[in-house]
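Participant: Below is a structure I'd like to ask you about.
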Amino acid sequence: MQKKFFYGILFLCVGPRSMRGKGRACPAECGMVNNIFMWFVYILQSKTNKKYYIGCSNNPERRLEEHNSGYTKSIKNNIPYEIIYLEKYTNQQEAYKREKQIKSYKGGNAFKNLICVGGRVVNYNRL
């Protein structure tokens, strides 16, 4: 069992041995956390023009790398991005439902309240 910190959260990787030990932070190797496959809803912000991108993945670290490498055509003109908000879910359906909800109020007060704490934008720095 591997213990890893990922965005300030302690994860115990209990996935198959063949998927562990690849030099990446868990859940990047396998997505298994305490016998539960974790999904994340994330909000990225462009460092160049401050635009937002909302997405869902079982591996937000890998997705950030893909976004910043230009893998996602719709946002490649705004790279680099950083993760400013992250929520975790135990299944994909819940995560996609929440992603859709956040996208529905993007730009409004609900979105601003979500990413701001005490008048400041929440920033989850990479550990």
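Participant: Along each of its three principal axes, how wide is the spread of alpha-carbon positions in the stretch 62-110, in whole angstrom units, largest first?
Facilitator: Sorted from largest, the Cα extents of the stretch 62-110 read 28, 27, 18 Å.
Participant: A further question follows. For the stretch 39-127, what percent of Cα pairs sit more than 23 Å apart?
Facilitator: Numbers: 710 of 3916 pairs.
Taking all Cα-Cα pairs of the stretch 39-127, the fraction more than 23 Å apart is 18 percent.
Participant: Still on this model: Could I have the simple spin-label model distance between SER74 and ASN113, label points 7 Å from Cα toward Cβ, reported in nm to one decimal?
Facilitator: Between SER74 and ASN113, the label points sit 2.6 nm apart.
Participant: A further question follows. Answer with one residue from ILE83, HIS67, TYR52: the one whose Cα lies farthest towards the positive end of the charge dipole of the stretch 49-103, charges on Cβ with Lys, Arg +1 and Asp, Glu -1.
Facilitator: TYR52
None of the figures in this text is laboratory data; all of them are computed from the coordinates on show. The structure displayed is predicted, hence computed values, not measured ones. Neighbour counts are summed over all protein chains in view; Cβ atoms, including those assigned to glycine, are modelled from backbone coordinates with ideal geometry.
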